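Below is one structure, written out as C-alpha cells, with a few remarks after it.
Each value in this text was obtained by applying a stated rule to the coordinates, not by laboratory testing. Computed from a predicted structure; not experimentally measured. Here the Cβ is made from the backbone with ideal geometry for all residues, glycine too, and neighbour counts use every protein chain on show.
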C-alpha cells in the first residue's frame, strides 16, 4: 500500500474507498466495464464504469476540500461527455462527518451544493489506513433552529444559516439509479429522500385523523379533546426524524411558522399548540 500511495500521490483512505466501490459496485449492478484511474478529457476519474445498457458513470471520491465552482465544473464536463457523476465525500477527511444523526453541524458550501444536486442527501464514506470504518451513508440536512436572547432579555428562536441539523440514513444497497438535475447528469444510490418520507407519513397521519373525526366525531373528541396537538406529532415522529426535520416538514405543510418554534422546542408549550 505504501508503494501505491507514493505512485499515485493519494492517501490510503482514498485508495481504500476507491477499491471498495471497484470491487462491490459490480455485485449489484449490471456492469460491462469498470476501471480505476482513467483519463476522460482533461480529468482523471477515480472509478469509471459502463453499464450493460450503455450508460456511463464516474464515481468521484473526494478526500480533500473542493470549492463549489470546481465541483460544478467537473460535474458539467463529465455531463457534456454523456457521463453521469456520483460524488462520495471522505467523512474522515476535512469534511469531518460521522454516520449518525447530529444537530448544530457546520457544512461547507460544496456540501450544500451536493445536497441540492442529489435532492436532499450527501453521500459519505469513512476510512483510515486501518481500513473501511463505515458503509457508504447519506446525510440529510435540515435547518437548525436555536433559542436566542435579544439585547433586552427576550427569548426568541432563529434559523441559523451556517449550521444544520443532520439526519443519518444508509442506502439499502449499492444499486445505482441515474437522473438529471438542472443541466447535470448524476448517479445516486436507491435510497429514499428522508424529508419526502416524513412528509408522506405526516400527511397520511393527518388524513387518518380527519377521516376518523368525520366517521366517529364523539370518539375523536374523547381521544383528542383539544384537537390534534403538536405534542402528538412529536411523540409519533421525532424519534425517527428528529425535531428539526419534523419542524421543517410542518412548516412546509403550513401548519407552523418560525414564530411557532417555541411550541416545538419547549416541552411546556407543546401541549398548547393545536394543529387541528
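What the table shows:
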quantity	calculated
Stretchable slack from residue 80 to residue 276, in nm (0.36 nm times residue separation minus alpha-carbon distance)	65.5 nm
Calculated FRET value between residue 39 and residue 106, using beta carbons and R₀ = 25 Å, to 0.05	0.10
Of 190, 148, 102, the one that fluctuates the most in a GNM where the chain has Cα springs shorter than 10 Å	148
Values of log10 I(q)/I(0), in the order q = 0.16, 0.18 Å⁻¹, for the stretch 132-276 under a Debye, Cα-only, solvent-free model	-0.97, -1.10
Segment residue 64-residue 197, length gained on full extension (0.36 nm per residue, minus Cα span)	44.7 nm
Within the chain, helix-based [θ] at 222 nm, where runs of 4 or more DSSP H residues each add -39,500 (n - 2.57), nearest 500	-12000 deg cm²/dmol
Kirkwood hydrodynamic radius of the stretch 196-270, from inverse mean 1/r over distinct Cα pairs, in Å	13.0 Å
Among beta bridges that DSSP assigns inside the chain, antiparallel share in %, nearest 5	80 percent
Distance histogram for the stretch 1-119 (every C-alpha pair counted, 5 angstrom bins, percent rounded to whole numbers)	2, 10, 19, 22, 21, 16, 8, 3, 0
Nearest 10 degrees, 0 to 90: helix 12-28 Cα axis against the chain principal axis	80 degrees
Cα-derived Rg over Rh, computed across the stretch 107-206 with Rh taken as Kirkwood radius	1.07
FRET efficiency estimate (nearest 0.05) - Cβ-Cβ, residue 223 to residue 150, R0 35 angstrom	0.35
Alpha carbon convex hull of the stretch 198-237, projected area averaged over orientations, nm²	2.7 nm²
The chain, relative contact order in percent, only Cα pairs under 8 angstrom and at least six apart counted	14 percent
Point-to-point label distance, residue 31-residue 215, nm (Cα→Cβ direction, 7 Å offset)	5.0 nm
Segment residue 206-residue 129, extension gain: residue separation times 0.36 nm, minus the distance between their alpha carbons	22.8 nm
Residue of 227, 153, 82 that the Gaussian network model of the chain assigns the largest fluctuation, springs spanning Cα pairs under 10 Å	153
Taking the stretch 150-276 and dividing mean pair separation by its residue count, relative contact order in percent (alpha carbons under 8 Å, at least six apart)	25 percent
